[in-house]
1. Rounded if a/c is under 1.5, else prolate if a/b beats b/c, else oblate: with a ≥ b ≥ c from the C-alpha gyration tensor eigenvalues square-rooted, which is region 75-144?
2. Distance between Cα centroids, region 17-44 to region 84-139: provide it in whole Å.
3. Taking only C-alpha pairs under 8 Å that are 6+ residues apart, what is the relative contact order of the chain in percent?
4. Which of 10, 117 comes first, and how do the rest follow, when ranked by fewest Cβ neighbours within 10 Å?
5. Order by neighbour count: 115, 98, fewest other Cβ atoms within 10 Å first, most last.
6. If a/c stays under 1.5 just call it rounded; otherwise compare a/b with b/c (prolate if a/b is bigger, oblate if not). Do that for region 38-79, with a ≥ b ≥ c from the square roots of the Cα gyration tensor eigenvalues.
7. Which whole-number percent gives the relative contact order of region 60-144, counting Cα pairs below 8 Å spaced six or more residues apart?
8. Taking the chain as the reference, fit the longest principal axis to its C-alpha atoms, fit the long axis of helix 35-47 to the helix C-alpha atoms, and give the angle between the two in degrees, 0 to 90, nearest 10.
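What follows draws every value from the coordinates through simple rules; no lab data is involved. Because the structure is predicted, anything quoted here is derived from the model rather than measured. We place every Cβ from the backbone using ideal geometry, glycine too, and count neighbours over all the protein chains shown.
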């Protein structure tokens, strides 16, 4: 059984896509890299920790009305053990938040719709349709 931590590590994105928002860690998968290898690499690069006990929880698909050619698939993982201490990088400033004090007003607007499933240990998939980067037109989430 996985012990549910009362806190979550988020990063304040300092540059690039999503700058100025608290977010999970991650990024584009390199050629020949598995999703799990990507998780380990991105966490090491963005906040200096080495991920252990990695569990895939969800696939989220994002569509944008203002840019119909843009589509983003996000694979969501829970990291239930790690080595090292989170440290700021050029891209992210990590901070722990209690699960009851997550700054949703400074995050992507979809997060509040699926975090409860993530914290409950569920596996799920979802589609989010955005008018622009700040406005969700509709969404659908399916627990697997």
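1. Numbers: a/c = 2.09, a/b = 1.38, b/c = 1.52.
Oblate is the answer for region 75-144, as a/c is 1.5 or above yet b/c matches or exceeds a/b.
2. After rounding, the separation between the Cα centres reads 14 Å.
3. On the way: 260 pairs, mean separation 38.2, N = 144.
RCO, the chain: 27 percent.
4. On the way: 10 23, 117 18.
Exposure proxy ranking, most exposed first: 117, 10.
5. Details: 115 16, 98 10.
Going from least to most buried by this count: 98, 115.
6. Working: a/c = 4.71, a/b = 2.07, b/c = 2.27.
Oblate.
7. On the way: 91 pairs, mean separation 28.5, N = 85.
33 percent.
8. 70
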